[in-house]
1. Once you have a ≥ b ≥ c as the square roots of the Cα gyration tensor eigenvalues for region 1-127, tell me rounded if a/c is under 1.5, and otherwise prolate or oblate according to whether a/b is larger than b/c.
2. Treating each Cα of the chain as an identical point scatterer and ignoring solvent, apply the Debye formula and state log10 I(q)/I(0) at q = 0.09, 0.15, 0.16 Å⁻¹.
3. Which is the longest stretch in the chain that no exposed loop site breaks, taking sites as trypsin sites (Lys or Arg not before Pro) with a DSSP loop state and at most 16 other Cβ atoms within 10 Å?
4. Quick one: with all protein chains in place, what share of the accessible area of the chain is carbon or sulfur, to the nearest percent (1.4 Å probe)?
5. Ordering Glu124, Glu106 by how much accessible area each has at a 1.4 Å probe, largest first, what is the list?
6. So if R0 is 35 Å, what FRET efficiency would Glu78 and Glu58 give, r being the distance between their Cβ atoms, rounded to the nearest 0.05?
7. Rounded to whole Hz and in sequence order, give me ³J(HN,Hα) for region 188-198 from the Karplus expression 6.51 cos²θ - 1.76 cosθ + 1.60, θ = phi - 60°, writing x for Gly and Pro.
8. Give the relative contact order (percent, whole number) for region 1-113; include only Cα pairs under 8 Å separated by 6+ residues.
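The values are calculated or read from the model by the stated rules, or taken from the named source; none is laboratory data. Only a predicted model underlies this, so the values are computations on that prediction, with no experimental measurement involved. In this analysis, Cβ positions are derived from the backbone assuming ideal geometry, glycine residues included, and neighbour counts consider all displayed protein chains. The protein model used for the area step is the full one, side chains on, heavy atoms only, and it has no ligands, DNA or RNA in it. Shrake-Rupley method; radii C 1.70, N 1.55, O 1.52, S 1.80 Å.
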Amino acid sequence: MREPQTKTGEVFQSVLMNYLVSQARTVEASVNRSLTALLERNDRLASEVFLTEPRINEMEIVIDEHAIRILRQGNLLEGDIRLLVATLKINNDLERMGDLAVNLSERTISLSTMGHVQSPPELEPMAVAVRAMVSKCLGALIYQNVDLATQVLESDDDVDRLRDMIFEGLLGGITENSALAAPNLQFVLASRHLERIADHATNIAEDILFWVRGLEVRHGRARQAEVRADGAAAIGA
């Protein structure tokens, strides 16, 4: 029979969660700053994002090391193991989101040197959608909220659709006016960075569902499980 988790183990996990939430808040602030800088074409605000990156990188290492210390203690329950697995994956996705915030800021600084160029009309709604996904991820993490995590998964297709619209519009603009090639390339890259931030937010939402409910929802496996369950129920009826 497995012994209950020690008080020391509970403290270690509480510290781990505090670290992870702090990292998530820092990354969210960095992403939001980069989004605002892009929409407002504010190179000063974009430059501030670079100052946050070293802290995010350092916290990634601290969280990984703390999780490994807990693993070395052993005597972990199933829920503890899911938490640690999810933490290691979420930590990596958060660090990548921080990197992408830096990439977005680089695009903003480049655009600020090109004078007045028109932003794609879909850029702002795409940025709003990505901002909402990141915010809901943080809420899902803090409150272990399955509903918020599910909402993040449902938003990913909208972001992809907006990315496709931006790409098609910018490509058409270059065809009509070659002078737009340089700024349009920056917008294409920016939309790609936005899409990747949304992808990492989706990964985090999937990991939260795994942690809280033990659900494996990657690659459509949740839907496959529903189909199998429905089929079994129909056979038994």
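1. Note, shape of region 1-127 comes out prolate.
2. Debye curve over Cα of the chain, log10 I(q)/I(0) at q = 0.09, 0.15, 0.16 Å⁻¹: -0.46, -1.00, -1.08.
3. 42-237
4. Working: 6510 of 12230 Å².
Here carbon and sulfur together make up 53 percent of the probe-accessible area.
5. Largest to smallest exposure gives the sequence Glu124, Glu106.
6. Rounded to the nearest 0.05, the efficiency is 0.65.
7. For region 188-198, the Karplus-derived couplings read 4, 5, 4, 5, 5, 4, 4, 4, 5, 4, 4 Hz, x marking Gly and Pro.
8. RCO, region 1-113: 44 percent.
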